[in-house]
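S.K.: Take a look at this one; I'll ask things after.
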Amino acid sequence: MGTTDDHKASSEPAPLRAPALSASVHPAPSIGPFVPPDGVPGAMTPVSEGRYHGEQGMYLAASGTLTQFNAIMAALLTAALSLDVSPPVKAVIGLALAGHAAAGFLLCWAARPIASADGAPRLTADRLLRRSLINYRRGWRATMLALTLSALALAVLAWQQLGPDLAALLH
């Protein structure tokens with residue numbers, strides 16, 4: 001008994017082939033539900049869901065990088081607190097340290113997992129992306145404020161350490 005398709009004759013059905021991929025590309029909006037070309041809003045497609053999760057992944061990666069930056073700055077400022085400097089300088093350094101700690105907290109909040117106990121997301125993809133962006137922006141702004149405070153602390157510390165020597169050189 002010969003077969004023409006090189007399969008043994010049996011009661012098992014032939015393996016199913018995966019459907020061919022669509023030749024058309026469906027555009028995915030950056031925020032909002034997928035609207036097909038006919039203009040009727042529909043459910044989220046796997047293409048647009050993937051786009052949302054990809055964009056959210058970029059914000060989460062950036063949040064992680066900024067969190068590390070804030071941790072490094074906090075470590076440097078903690079070391080600067082151990083210097084023998086005047087109380088006002090220590091206060092400015094402590095304020096910058098608190099700013100970096102707060103920015104790190106905001107960025108950790110932006111990168112927190114948002115899912116139920118079974119791993120299913122509690123939010124739709126567009127709300128999840130929108131919240132990630134908002135929380136990341138808060139962390140970014142807090143980091144920039146803390147960095148400004150750190151620059152001020154560095155300037156005050158440098159002036160206290162080098163100011164009298166520079167003033168003596170100029171006179």
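S.K.: Find out how many positive minus negative residues lie around Ala111, taking Lys and Arg as positive, Asp and Glu as negative, among other residues whose Cβ is under 13 Å from that of Ala111.
M.R.: Spelling it out: positives minus negatives among the neighbours equals +3.
S.K.: So between Arg127 and Gln161, what do we pick up on full extension, going 0.36 nm a residue minus the alpha carbon distance?
M.R.: Residue separation times 0.36 nm, minus the Cα-Cα distance, leaves 7.2 nm.
S.K.: Can you order the peptides 99-111, 150-162 by their average number of other Cβ atoms within 10 Å per residue, highest first? Display every interim value, and only then the final one.
M.R.: Values: 99-111: 20.7, 150-162: 15.1.
Ranked from most to least packed, the peptides come out as 99-111, 150-162.
Each value in this text was obtained by applying a stated rule to the coordinates, not by laboratory testing. Remember, it's a predicted structure, so these values are computed and weren't measured experimentally. Quick reminder, even Gly has a Cβ in these numbers, built from the backbone with ideal geometry, and neighbours come from all protein chains shown.
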